[in-house]
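Since the structure comes first, as structure tokens, the remarks are kept for the end.
The values are calculated or read from the model by the stated rules, or taken from the named source; none is laboratory data. Bear in mind that the values here come from a model prediction, so they are computed numbers and not experimental data. Cβ atoms come from the backbone with ideal geometry, glycine included; neighbour counts cover every protein chain shown. What goes into the accessible areas is simple: the full protein's heavy atoms, side chains included, and nothing from ligands, DNA or RNA. Shrake-Rupley method; radii C 1.70, N 1.55, O 1.52, S 1.80 Å.
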Amino acid sequence: CLSDVQENVLQRVLQLPVVSSTCETLQRTYTSTKEAHPLMASVCEVYERGVQGAGALAMWGMEPVVRRLEPQFAVANNLACRGLDHLEEKIPALQYPVDK
């Protein structure tokens, strides 16, 4: 991916205007739904805490595996970034927010 060693394909995808504007819209909808419906807000908060805990546990358990597979991840990331470069060239709409 370009010249930035730390860059990864997930970061690049999330930075695409079409993806970031979609995520912002979903976040606003989720937040407004929680504000409008107190019961839904309490259910969502329980769910959010559970997901955070499960995510932290999964990362802790996967850390040794991730370290061993780091070279393979780097190769896969490089290939995915090149594929994303190609997609960005061929599909200019990826550079525009959803509303455009």
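Per the listing LEU26, LEU14, LEU79, LEU69, the residue uniquely free of Cβ contacts under 8 Å to residues at least 60 places away in the same chain and either open to solvent by less than 60 Å² (accessible area, probe 1.4 Å) or farther than 30 Å from ILE91 by Cβ (or both) is LEU69. In this structure, does PRO92 turn out to be open to solvent by less than 80 Å² (accessible area, probe 1.4 Å) and modelled with pLDDT under 90? Answer is yes for this residue. Against the test of being of a type in the set (A, V, I, L, M, F, W, C) and touching a Ser or Thr at 6+ places or on another chain (Cβ under 8 Å), the options LEU14, LEU84 yield a single qualifying residue, LEU14. Could you list, in sequence order, the residues of the stretch 33-56 that are polar (S, T, N, Q) and open to solvent by less than 60 Å² (accessible area, probe 1.4 Å)? Scanning the stretch 33-56 gives THR33, SER42.
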